1. Would you tally the residues in the stretch 214-226 being of a type in the set (Ser, Thr, Tyr) and part of a helix (DSSP H, G or I)?
2. Somewhere in the stretch 10-21, is a residue modelled with pLDDT of 95 or more, more than 19 Å from residue 95 (Cβ to Cβ), touching a helix residue (DSSP H, G or I) at 6+ places or on another chain (Cβ under 6 Å) and among the polar types (S, T, N, Q)?
3. When residue 68 is evaluated against the numbered criteria (1) out of contact with any Ser or Thr (no Cβ under 8 Å at 6 or more places or on another chain); (2) under 19 Å from residue 129 (Cβ atoms), which criterion, by number, is the only one it fails?
4. Residue under question is residue 200, and the condition is that it be at pLDDT below 90, open to solvent by 10 Å² or more (accessible area, probe 1.4 Å) and among the polar types (S, T, N, Q); does it hold?
5. How many residues are open to solvent by 70 Å² or more (accessible area, probe 1.4 Å) and not in a helix (DSSP H, G or I) if we restrict to the stretch 203-213?
6. Output the number of the condition that residue 24 fails; it satisfies all remaining conditions of (1) in contact (Cβ under 8 Å) with a residue 40 or more places away in the chain; (2) under 23 Å from the mean Cα position of the chain (by Cα).
7. Among the helices (runs of 4 or more DSSP H) lying completely within the stretch 81-130, list those that include at least 1 residues that are more than 13 Å from the chain's Cα centre (by Cα), modelled with pLDDT under 95 and not charged (D, E, K, R).
8. What's the number of the only condition in (1) in contact with an Asp or Glu (Cβ under 8 Å, 6 or more places away or on another chain); (2) hydrophobic (A, V, I, L, M, F, W, C); (3) open to solvent by 20 Å² or more (accessible area, probe 1.4 Å) that residue 217 fails to meet?
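The values are calculated or read from the model by the stated rules, or taken from the named source; none is laboratory data. Only a predicted model underlies this, so the values are computations on that prediction, with no experimental measurement involved. Glycine gets a Cβ as well: all are built from the backbone with ideal geometry, and neighbour counts include every protein chain shown. Ligands, DNA and RNA are stripped out before the accessible areas are found, and what is left, the full protein with its side chains, is counted by its heavy atoms. Shrake-Rupley method; radii C 1.70, N 1.55, O 1.52, S 1.80 Å.
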Amino acid sequence: IHPVCSAMRKFGNSVPLQTTATELLMVLSTEESASEVIGQTGGVQDILSALRAFPDNPVIATNCCTAVWSLCASETLSSIVTEERGILDIRNAMEVFKDHVETVEAANSAIYSLSLEEDNIMIMLEGEVIDSILSSLSTHLQDARIPRVTALALSSVVEVEAECITQILNYKDSTTGKSGLELIVESLRLHMDNEETAGNIAALLMDMSDHEEAADALTKLSTGNLLEKTAQLYH
């Protein structure tokens, strides 16, 4: 790990080296002991530096976002990304590569990991991260991977901050004109036959139903039968 991080710093402009190095760190980050060494070596900052240095490279972006997702299982390493405001770099990658489903999935997964730290929720609200999550959902509505992970990311924030629910309700998709809530409900209808995806989306809608304005909007969309059907299928 030390040689990898050292090489990343020495050859910061090399696309082949940064591609290989971020892939190696991505793989190693899934091991707890390796994650600790990555953090001690400054590898978290190296990953964020690569993400920032190559804003037009989807492979590096996917590698970096996936690595952050794994590394942020550690509260200590998650705090490093928070201090660096790395969630905004991840959001930027998701916007730039919005048509690359692998990058979008990795970015949403990283955002989910980071949203478990409360300081990041305020950064998300200020940086329009929730709008980016909903935009990615709209773009990849048919691919069960994206509704599954966006529901996880949104659930983790609506439980903590009511303003996140307001942003979902106020979101209007530039392509379809649908609200954030309409997109979420549509994703449940589309993926009712996928237990994990449907379960995540239903959990998100149930969390939102505790909010008065969201509860009214859910009633208008007639989601009661949809949630009941989901419960009957998978519980």
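1. 1
2. Within the stretch 10-21 (the criterion being modelled with pLDDT of 95 or more, more than 19 Å from residue 95 (Cβ to Cβ), touching a helix residue (DSSP H, G or I) at 6+ places or on another chain (Cβ under 6 Å) and among the polar types (S, T, N, Q)), the answer is yes, since at least one residue qualifies.
3. The failed condition is (1).
4. No.
5. The total comes to 1.
6. Every condition holds for residue 24 apart from (1).
7. Output list reads 118-126.
8. (1)
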